[in-house]
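Only one structure is covered here, and it is reproduced in the block below.
The values are calculated or read from the model by the stated rules, or taken from the named source; none is laboratory data. Given the structure is predicted, the values throughout are model-derived calculations rather than measurements. Note that we place each Cβ from the backbone using ideal geometry, even for glycine, and neighbour counts take in every protein chain shown.
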Amino acid sequence: MKIGVVTFPGSLDDGDAARAARIAGAEVVRLWHADPDLHGVDAVVLPGGFSYGDYLRCGAIARFAPVMETISAAARDGMPVMGICNGFQILCEAHLLPGALTRNQHLHFRNRDQWLRIENSDTAWTNHFTPGQEILIPVKNGEGCYVADQRTLDELEANGQIVARYIQGNPNGSTRDIAAVRNTAGNVLGIMPHPEHAVEALTGPSLDGLGFFSSVLKHLAGVGVPA
Amino acid sequence: MTEMLDQTVAAVDTVRLAEVTPDELQPYLELGLKDDEYQRIRQILGRRPTQSELAMYSIMWSEHCSYKSSKVHLRQFGEKAPPSDRLLAGMGENAGVIAINDRIAVTFKVESHNHPSFVEPYQGAATGVGGIVRDILAMGARPILVMDSLRFGAADHPDTQRVLPGVVGGVGGYGNCLGLPNIGGEVVFDECYQGNPLVNALSLGVLPVDGLQRKEADGPGNIVVLMGAKTGRDGIGGVSVLASATFDEASQARRPAVQVGDPFTEKLLIESCLELYQANLIVGVQDLGGAGLTCALTETAAAAGTGMDVQLEKVHLREASMEPHEILASESQERMLFIVEPAKLDAVLGIAQLWGVIATPIGVVTDSGRVRITWHGETVVDVPPGSLADDGPVYARPLREPADLILLQADRAETLPRPHHDHELRETVLRMAASPNLCDRSWITEQYDRYVLGNTVLAQPEDSGVVRLDEETGLGVALALDCNSRFARLDPYEGAKLALAEAYRNVAVTGADPVAVTDCLNFGSPEDPAVMWQFAEAVRGIADGCQELGIPVTGGNVSFYNQTGAVAIHPTPVVGVLGVFDNVAQRIPMGFSHTGDVLFLIGETRLELSGSEWAWVTHQHLGGRPPKVDLAREQAIGAFMAQAAQSGLVRSAHDLSDGGLAQALVESTLRKGFGASVHLPEQLEAFTALFSESAGRVLVAVPAGHRQAFEALIAEHELPVTELGLVEGEGADLTVVAADAHTGQFSIPLAELRAAFSGTLPKLFGGATEQPAPYAAPAAVAIETVEIMSAELGTADAVAEEPPAAVAEEDTEGR
């Protein structure tokens, strides 16, 4: 299975996402923002960072990157795509996910080990978990406050599109404690905390982050990979 | 446009003009040059300097660039340095380079950005991080981490409310955007820093041992390429006016002299540089920091003994109206200078283009031995580069022990009234844990990304930051930054040694082998003989200490003029120690983590309260002599800890420093939420056992099964040790039992302790612990009625839509 990890000029956690995918057992292909070719990958991770500096709205420029046009099309055709932090922001800007991520309510960047509750395991990226499972992974963002209009939020609730919520404290003021959402099909996931930083006992607070990467491998094995 | 250009050129002071107008009055005094220094410039050039040349000399001969007051003292670092086969580059380079094994080397340095951070806290601190990262980059290394050592005025002073959030935001904003984990440092509050906060930033980079880059502009005919951000009017005079003069009422008007950072451009610059190094495309490289282009051009030419012809109009400008002397003095950030063979120029420009960075050939290397700079065809600078880079003035400034020192040392804290009863001791533990210098730093450190790059093994609040360099072998480094400036005020020689001892111990307790030192020497005005004496004593202390410990000072930075009016800061020699791990998996963390582990205190406790945190917090007292420092003991502890780490004998270890044993217990219990029962030794008064700040002590937790092996190893290293008690269960109290019945015993529930420890900074600086009530998620996630959802939403939405109250104070971020 090939997982592509995109590098924008300001991507920072791309190496970490690649390491996590590798530990989970995937073959990793590095994708470059200016190259629209996906080089035959079966799934894509949009990593954390500051894509093009993000002096404008986070992800607002990245959504127009050549690689994003191909990824958007592939995502609509069912390819699993996970956006972490800045990747989540880009997926919202690209309208692959509803809602938006705004400045943390307390206005500070915040980095801490964060408990989440998995609310939905019916996605390409969370099938390894059980609903209600509590996991510990790092959160680190300045603009991670998820917002959407009430109707959208209600729809997300009703459709089971809220994939994870913050528990034991909301680190950024996210509406309804939302930490991760998926599209209706379940192949696209946006998550604000960083699963790729919880894949080794030596460097992370837990190994809980690995579940996201092994989930997509299980998913790909299940649906069969196009030749 | 042409007309404007003509005017600009016509108004410029050229070498031709300088030759025919020898008597023109020049503002050298305003630029910070003394009469005799100006006369020396005229002598060197055989005429008056042009406006551009005057700007260049004033910058390069400033205290900040020339080290003119400190040079005679700093020589000791080289002279007393113990021989080290690890040292690949030392003092005088952008940063020292240390071989970790036969393949991998690291380069590291700490540097100050104090003055800019007072004027414009966010940008001052941000560009401090940017500057030290470029120093590391210029050595040929990939920067992989940062640390920060911060000092502010009193925590509750209104100006600290302005400076601290800005500085912390700047350190975080820049480092986070570069993708460099911030793994540690220190935050200290003291009234002496009220008008002179200190922002010292450290970075470390990794390079192949044969990948060291040179700064020499070798090879006449080679091209001089400027890469990175456009050059603007920011930071002009930053060096000569800002960094080398004492603050006064006019300081606020100097805002334009602070540089503005663009971390995204720096990130692109880092990636471009590393590709250039890897493809072996450059002959030399120098970062543009203080003194900007002036420093980079003259230092690279002087180092090679060559010359340079530069066409200044080729420099990309943010403002077309900039004049040559402004371009030469600009400290615009995110710029590097390269020396490139003509045949490789296209490849260099290609890499810049790939990353979207501006790269411009601006001149050629010559064998003339002169740096000649033209502006639209007119020569505006023609100087021997060595006269700027190497031959600046050197002063042996007068030294005099501060007049008040004898009285200060006589006023010992050991004579202050101290508490004896259990309830008083209990109150003191809580009060100390909540005091600004000892309390939880999370409000600050949570604003820093410590995870990025995925190699952070230990980060704040641990004693050292520990980072893995090699995923396969686990090879890694440990780093600590420390200084107790109250000790240095009481005795700068011993205080500097104590700073070194503490940083060394902080590295050693994690199990790493300490190998090298960097320092950032923050002092008042060198023109004050008392300050200069403190400086000389501190340098001597570090140099002697390093000689005794057998580890070299590899580089660092001096920051003078940290004073307002006649009042200088405490002498603040911040010391950074680098340690090496063969395998970071062996690192020893600080928190108690297993019920039943046996607690031991390694080292000796004496009645040493002068300069202590207790004396300051409870009596606002500073006087006496600092604790005794015994570097041989520190070394023995280091050797013991390294062996204990390798054999897994010690589960956790925590250095004792500010706040003594009491504070170490607070931090070790709260780290992972395990209680402890401690029986204080009989020989000591309970108060002394808890709050003395004797150096050379470590609190360790040993698995019960390893007790015998532990004691045997302690005996082998001839270390004094006291058994203290046991680690209790998760959530158990911290219980302290005194040896004499008169004092009794006390217990503190961890929740109460945590509330005291963690409440202080959020209370002072706002917000961090206030959490909206958790969203009451419906039990069945998928299907709920819309009515219930709307009702639930009332609270959540109200919180989300609350106007961001602090937008105004954050507005610097967008500039």
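Here residue A:126 fulfils each of the conditions (1) in contact (Cβ under 8 Å) with a residue 60 or more places away in the chain; (2) within 10 Å of another protein chain (Cβ to nearest Cβ) apart from (2). For first residues located in the range B:441-463 and free of Cβ contacts under 8 Å to residues at least 40 places away in the same chain and facing chain A (nearest Cβ under 10 Å), partners that are surrounded by 23 or more Cβ atoms within 10 Å (Cβ to Cβ) and in a strand (DSSP E or B) and lie 6+ apart or on another chain with Cβ distances below 9 Å form the pairs B:454/B:468. Of the residues making up the range A:145-186, those that are of a type in the set (D, E, K, R) and either touching a helix residue (DSSP H, G or I) at 6+ places or on another chain (Cβ under 7 Å) or crowded, with 22+ Cβ neighbours inside 10 Å (or both) number 6.
Looking across B:690, B:724, B:699, one residue alone is touching a His at 6+ places or on another chain (Cβ under 6 Å) and buried (at least 20 other Cβ atoms within 10 Å of the Cβ). It is B:699. Sub-8 Å Cβ pairs linking a first residue in the range A:108-120 that is closer than 20 Å to residue B:459 by Cα and at the interface with chain B (Cβ under 7 Å from one of its Cβ atoms) to a second residue that is of a type in the set (Lys, Arg) and in a loop (DSSP other than H, G, I, E, B), at least 6 apart or interchain, are A:111/B:450, ordered by first then second residue. Specify the residue that is surrounded by the most Cβ atoms within 10 Å (Cβ to Cβ); the eligible residues are those in the range B:35-74 that are in contact (Cβ under 8 Å) with a residue 40 or more places away in the chain and among the basic types (Lys, Arg). Applying the filter and picking the extreme gives B:68. Quick check on my filter: what residues within the range B:75-92 are crowded, with 20+ Cβ neighbours inside 10 Å and touching a helix residue (DSSP H, G or I) at 6+ places or on another chain (Cβ under 9 Å)? Selection gives B:77, B:81. Within the range A:42-64, restricting attention to residues that are farther than 17 Å from residue B:179 by Cβ and free of Cβ contacts under 8 Å to residues at least 40 places away in the same chain, the residue that is farthest from the other protein chains (Cβ to nearest Cβ) is A:63. The single condition among (1) outside any loop (DSSP other than H, G, I, E, B); (2) modelled with pLDDT of 50 or more; (3) over 28 Å from the mean Cα position of the chain (by Cα) that residue B:774 does not satisfy is (1). If only residues of the range A:132-165 that are at the interface with chain B (Cβ under 8 Å from one of its Cβ atoms) and assigned to a strand (DSSP E or B) are counted, the one that is farthest from residue A:105 (Cα to Cα) is A:162. Being farther than 25 Å from residue B:506 by Cβ and modelled with pLDDT under 95 is a property that residue B:163 lacks.
Would you say residue B:406 is in a helix (DSSP H, G or I), over 30 Å from residue B:279 (Cα atoms) and free of Cβ contacts under 8 Å to residues at least 40 places away in the same chain? Can you show your working first?
On the way: in a helix (DSSP H, G or I): yes; over 30 Å from residue B:279 (Cα atoms): yes; free of Cβ contacts under 8 Å to residues at least 40 places away in the same chain: yes.
In short, yes.
Looking at the range B:459-478, which of its residues are crowded, with 24+ Cβ neighbours inside 10 Å and in contact with a helix residue (DSSP H, G or I) (Cβ under 7 Å, 6 or more places away or on another chain)? Residues satisfying the conditions are B:463, B:464, B:466, B:468, B:476, B:478.
What about residue A:83, is it more than 14 Å from chain B (Cβ to nearest Cβ) and assigned to a strand (DSSP E or B)? Spelling it out, residue A:83 is indeed more than 14 Å from chain B (Cβ to nearest Cβ) and assigned to a strand (DSSP E or B).
Restricting the search to strands (runs of 3 or more DSSP E) fully inside the range B:520-620 and requiring at least 1 residues that are within 14 Å of chain A (Cβ to nearest Cβ) gives B:572-581.
Would the range B:443-456 turn up any residue that is under 28 Å from the mean Cα position of the chain (by Cα) and in a strand (DSSP E or B)?
Step one: of the range B:443-456, the residues under 28 Å from the mean Cα position of the chain (by Cα) are B:443-456.
Filter once more, keeping what is in a strand (DSSP E or B): B:456.
Yes; the residues of the range B:443-456 include at least one that is under 28 Å from the mean Cα position of the chain (by Cα) and in a strand (DSSP E or B).
Against the definition (farther than 14 Å from residue B:222 by Cα, over 29 Å from the mean Cα position of the chain (by Cα) and within 14 Å of chain A (Cβ to nearest Cβ)), how does residue B:270 come out, yes or no? No; evaluated as a whole, the condition is false for this residue.
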